[in-house]
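One structure is given below, encoded as structure tokens.
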Amino acid sequence: MDKMKHHHPPEPYHIYKLFIQCEIIGGKMMSGVETNEVRFFSINALPNLSLERNTIQQLLDIYQLAIQSDHAVIFD
């Protein structure tokens with residue numbers, strides 16, 4: 001997704017975002033340099049979002065992709 005085509009706060013850089021569906025197949029989830037906690041959330045109980053990174057509409061769109069296997073891929 002092209003960040004300039006979505007409702008993100010303005011910034012000096014042009015950024016494209018990729019959302020990739022993953023599956024944990026071993027080990028354990030761990031935080032890293034960009035996260036302070038790793039958990040799963042219900043789509044109806046999301047924590048406060050960093051709107052500079054992800055909007056609620058983007059998460060709702062990719063959630064629909066995950067639950068509807070016949071849904072078209074989203075890109076801009």
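Restrict the check to the stretch 23-37 and report whether at least one residue is outside any loop (DSSP other than H, G, I, E, B), of a type in the set (D, E, K, R), exposed (fewer than 10 other Cβ atoms within 10 Å of the Cβ) and at pLDDT below 85. Steps first, answer last, please.
Taking the stretch 23-37 first, the residues outside any loop (DSSP other than H, G, I, E, B) are none.
Checked the stretch 23-37: no residue is outside any loop (DSSP other than H, G, I, E, B), of a type in the set (D, E, K, R), exposed (fewer than 10 other Cβ atoms within 10 Å of the Cβ) and at pLDDT below 85.
Identify the residue in the stretch 6-22 that is under 13 Å from Asp76 (Cβ atoms) and at pLDDT 80 or above and, among all such residues, is surrounded by the fewest Cβ atoms within 10 Å (Cβ to Cβ).
Top of the filtered list is Leu18.
For the stretch 67-75, indicate whether the set of residues that are at pLDDT below 85 and surrounded by 10 or more Cβ atoms within 10 Å (Cβ to Cβ) is non-empty.
The answer is yes, given that some residue of the stretch 67-75 is at pLDDT below 85 and surrounded by 10 or more Cβ atoms within 10 Å (Cβ to Cβ).
Can you list residue pairs whose Cβ atoms sit under 9 Å apart, with the first residue in the stretch 2-14 being touching a residue at least 24 places away in the same chain (Cβ under 8 Å) and the second being acidic (Asp, Glu)? Count only pairs 6 or more apart in sequence or on different chains.
Taking only residues 6 or more apart or on different chains, the pairs are Asp2/Asp76; Lys5/Asp76; His6/Asp76; His8/Glu52; Pro9/Glu52; Glu11/Glu52.
Restrict the check to the stretch 55-64 and report whether at least one residue is touching a strand residue (DSSP E or B) at 6+ places or on another chain (Cβ under 6 Å) and acidic (Asp, Glu). I'd like the intermediate steps shown before the answer.
Step one: filter the stretch 55-64 for residues touching a strand residue (DSSP E or B) at 6+ places or on another chain (Cβ under 6 Å), giving none.
No, every residue in the stretch 55-64 fails to be touching a strand residue (DSSP E or B) at 6+ places or on another chain (Cβ under 6 Å) and acidic (Asp, Glu).
The values are calculated or read from the model by the stated rules, or taken from the named source; none is laboratory data. Predicted model, so just to flag it, every value in this text is computed and none were measured. When we count neighbours, we look across all protein chains shown, and the Cβ atoms used for this are built from the backbone with ideal geometry, even at glycine.
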